[in-house]
Amino acid sequence: MWTVEIDLEAGELCEQMAAMRVWLDQRRWEPATFSCLDETPGVRLRIDFKAAKEGEAFARRFGGRVRTPPLAA
C-alpha cells in the first residue's frame, strides 16, 4: 500500500473531502482505505492506494506526502 498523509485545519475538512471525492471520481480511482485522525490543532487524513502512481498524484494535488510502503520481509 502507498499511504498519503494530508494535514488540514479543521475548517477545511468538508470542502477538501468534497474536492478529493470529485477528483478521485473523475479518474475512476478508489482508495483502499481512508481514515481521519484528530490532531491538534487540525486533522490528519490517511489515504491508502494500491498503486504508487495514484498515491503520488493524489499527494501532489492535495498537498500531502507519500509514506513509502514497508519493505517485504
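Read-outs throughout are calculated quantities, based only on the coordinates presented, and are distinct from any laboratory measurement. All figures in this text were calculated on a predicted structure; none of them were measured in a lab. Reconstructed Cβ throughout: ideal geometry from the backbone, glycine too, with neighbour counts over all protein chains shown.
Kindly list the number of the only condition in (1) surrounded by 14 or more Cβ atoms within 10 Å (Cβ to Cβ); (2) under 11 Å from the mean Cα position of the chain (by Cα); (3) not in a helix (DSSP H, G or I) that fails for TRP29.
(2)
Determine, yes or no, whether LEU37 is under 19 Å from ARG67 (Cβ atoms) and touching a Cys at 6+ places or on another chain (Cβ under 6 Å).
Details: under 19 Å from ARG67 (Cβ atoms): yes; touching a Cys at 6+ places or on another chain (Cβ under 6 Å): no.
So LEU37 fails the test.
Which of (1) free of Cβ contacts under 8 Å to residues at least 40 places away in the same chain; (2) surrounded by 11 or more Cβ atoms within 10 Å (Cβ to Cβ); (3) outside any strand (DSSP E or B) does CYS36 not meet, given it meets every other one?
So the condition that CYS36 fails would be (3).
Surrounded by 15 or more Cβ atoms within 10 Å (Cβ to Cβ), among the β-branched types (Val, Ile, Thr) and in contact with a Pro (Cβ under 7 Å, 6 or more places away or on another chain): which single residue out of ILE47, ILE6 fits that description? It would help to see each step written out before you state the result.
Working: ILE6 fails: in contact with a Pro (Cβ under 7 Å, 6 or more places away or on another chain).
Checking each option against the conditions leaves just ILE47.
Might you let me know whether region 54-62 holds any residue that is of a type in the set (A, V, I, L, M), in a helix (DSSP H, G or I) and more than 13 Å from the chain's Cα centre (by Cα)? Before you say what the answer is, go through the steps one by one.
Step one: list which residues in region 54-62 are of a type in the set (A, V, I, L, M), which gives 57, 59.
Retained after the next criterion (residues that are in a helix (DSSP H, G or I)): 57, 59.
Now drop any that are not more than 13 Å from the chain's Cα centre (by Cα), which leaves none.
No: region 54-62 contains no residue that is of a type in the set (A, V, I, L, M), in a helix (DSSP H, G or I) and more than 13 Å from the chain's Cα centre (by Cα).
Of the residues that make up region 17-28, is at least one among the acidic types (Asp, Glu), touching a helix residue (DSSP H, G or I) at 6+ places or on another chain (Cβ under 8 Å) and free of Cβ contacts under 8 Å to residues at least 40 places away in the same chain?
So in region 17-28, the residues among the acidic types (Asp, Glu) come out as 25.
Those left that are additionally touching a helix residue (DSSP H, G or I) at 6+ places or on another chain (Cβ under 8 Å): none.
Checked region 17-28: no residue is among the acidic types (Asp, Glu), touching a helix residue (DSSP H, G or I) at 6+ places or on another chain (Cβ under 8 Å) and free of Cβ contacts under 8 Å to residues at least 40 places away in the same chain.
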